[in-house]
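First comes the structure, then the notes that go with it.
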Amino acid sequence: MFTFLTAGESHGRCLTAVIENFPAGVEVAAADVDRDLARRQMGYGRGDRMKIERDACEIFSGVRERKTLGSPISFVVWNRDWVNWEKVMNPEDNDPEQAAGKRITNPRPGHADLSGALKYGHTADVRNVLERASARETAARVGVGAFARALLRHFGISVCSHVIALGEVEAPAWSPESGTGLSRISELADRSQVRCLDKEAESRMIGRIERAKEEKDTLGGVFEVVVGGVPPGLGSYTNWDRRLDARLVRALVSIPAVKGAEVGPAFDNAHKPGSHVHDEIFLRRAGEPMSGHPGPFYRKTNRAGGTEGGMSNGEPIILRAAKKPIPTLMKPLWTVDLSTGEPVQASTERSDVCSLPAASVVGEAVVAIEIARAFLESFGGSNLLDIDANYRHYLKRISGGHER
Ligand SMILES: Cc1cc2nc3c(=O)[nH]c(=O)nc-3n(C[C@H](O)[C@H](O)[C@H](O)COP(=O)(O)O)c2cc1C
């Protein structure tokens, strides 16, 4: 099983990731990782921290001549801001005056501050919590996601995302009938400051962020992740923890501030009769053009969002994630000072007004990781060539002996 661990504090020296059990022979360069790191940093509404950081990864192990070796992969993303925090966040000695100046005892409602301080005994300085609870950690996960993507790319599987609601402003969800091909979602979203495919909604979203900034408030919203080229049968119905849909939702809700996720239009479907929800099955006739996915069967609709019975069904996987507004408010909410017990205003460290476009890129990464894991469970091997052979064999079998 391909696994990974990330480490690093928001204002520490760097973020680190170690990836284990990743197959040999996958082509990946630091530039591939950097491209996704840069995409995570973009987006209207980010705070000044993103002006300081120019995230880039330095690969330390597990890759040689731009190909994975099968040995543990490790990389770091250096924090440029470290120079400003060296005397506060040092693992050895800090400057007592500077460290005291950065001490926090007024936990923010909506953040990990209070529960984390109670759990780990950090009530004297909540910084010990927020440094790791910060979503800066997601830079490392986006790095891991780039490796997963490199594997998936070899098999024609792509993962993209876009924003479909920001505050109360809504934009249409994606569907094959929307006129935008799946392959163009990324290109268009990457060009938008809020990763929105709809130009009119985009300008209203930007206006809404401006207003929130003036009002010293913050915003959340909904992003959609679409996975194309997935074969039927990733995941499994045989045990609860192998269900692909459950794993994808878990991955999305693991992103800080994402509080809900659905597969396809799940909440809409809940209000409709079955005849308006389930996707009828058709056999592709010989000579008919293949749609984006492998396999002999297809649907004319995709209201299931690409999974049935905890497995991919060959249609694009469509996921939506709801992100709450950022907890750090420049017009702070009330809280309790942990050193005095007195009511005080919550801390206000430099912060984003809206990080939804960034969260959407993180969403791509965590979904790519989970799809890659499910793919390796089904077709795994230590070398890409073996995985390739297994996958071809599978495609041949499910096509009744006719290779694509
Ligand atoms: C990409 C990204 C950037 C974020 N930036 C901030 C930020 O600048 N300030 C902040 O208070 N929260 C930010 N958050 C949200 C917090 O990290 C999150 O609300 C906090 O860790 C508490 O976890 P929870 O919301 O999942 O309960 C960000 C989240 C993401 C995904």
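The values are calculated or read from the model by the stated rules, or taken from the named source; none is laboratory data. These numbers come from a predicted model, not from an experiment. Backbone-built Cβ (ideal geometry, glycine too); neighbour counts: all protein chains shown. These accessible areas exclude ligands, DNA and RNA; they are computed on the full protein's heavy atoms, side chains included. Shrake-Rupley method; radii C 1.70, N 1.55, O 1.52, S 1.80 Å.
Heavy-atom accessible surface of region 120-187, averaged per residue, reaches 37 Å², computed with a 1.4 Å probe. Coupling constants for region 323-332 follow from the phi torsions by the Karplus curve (6.51 cos²θ - 1.76 cosθ + 1.60, θ = phi - 60°), and in residue order they are 10, 6, x, 4, x, 7, 10, 6, 10, x Hz; glycine and proline get x. Using only DSSP helix segments of four residues or longer, with each worth -39500 (n - 2.57), what per-residue ellipticity at 222 nm results for the chain after dividing by its residue count and rounding to 500? Mean residue ellipticity, 222 nm, calculated: -10000 deg cm²/dmol. A cut-off under 14 angstrom between Cβ atoms defines the neighbours of ALA117, and their net charge, with Lys, Arg +1 and Asp, Glu -1, is +1. Considering only the Cα atoms of region 42-102, their convex hull presents on average a projected area of 6.7 nm². When the solvent-accessible area of region 298-366 is split by element, carbon and sulfur atoms take up 57 percent of it, the probe being 1.4 Å.
Annotation: amide H of ALA24 within the under-5 Å range of GLY70, ASN383, LEU384, sequence separation 5 or more or interchain, hydrogens built in the peptide plane.
Only Lys, Arg, Asp and Glu carry charge here, each on its Cβ (+1 for the first two, -1 for the last two); on that basis the chain has a dipole of about 700 debye about its Cα centre. Mind telling me which of ALA24, ALA124, ALA372 comes out most flexible in a GNM of the chain, alpha-carbon contacts under 10 Å? Maximum among the listed residues: ALA124. When you restrict to C-alpha pairs under 8 Å that are six or more residues apart and normalise by the size of the chain, the relative contact order lands at 22 percent. Each Lys and Arg contributes +1 and each Asp and Glu -1, all at the Cβ; summed about the Cα centre of region 1-145, the dipole is approximately 420 debye. Over all Cα atoms in the chain, the spread is summed up by Rg and Dmax: 22.4, 76 Å. Counting Cα-Cα pairs of region 97-169 in 5 Å increments starting at 0 gives whole-percent bin shares of 3, 13, 15, 13, 12, 12, 11, 11, 7, 3, 1. Summarised as an ellipsoid, region 153-280 has semi-axes of 28, 18, 16 Å, derived from the eigenvalues of the Cα gyration tensor scaled by 5 and square-rooted, with the largest first.
GNM remark for the chain: springs join alpha carbons under 10 Å apart, and the peak mean-square fluctuation among PRO91, PRO327, PRO109 falls on PRO91.
Heavy-atom surface analysis with a 1.4 Å probe gives region 1-116 a carbon and sulfur content of 49 percent of its accessible area.
Strictly greater than 26 Å: what percent of every Cα pair in region 48-189 meets that? Tail fraction, whole percent: 51.
Taking Cβ atoms as reference points and 13 Å as the exclusive limit, the residues near LYS331 contribute a net charge of 0, counting Lys and Arg as +1 and Asp and Glu as -1.
Take the cross-link list LYS67/LYS87; LYS67/LYS259; LYS67/LYS324; LYS102/LYS213; LYS51/LYS87 and give me the ones stretching past 29 Å between alpha-carbons. Those over the limit are LYS67/LYS87; LYS67/LYS259; LYS67/LYS324.
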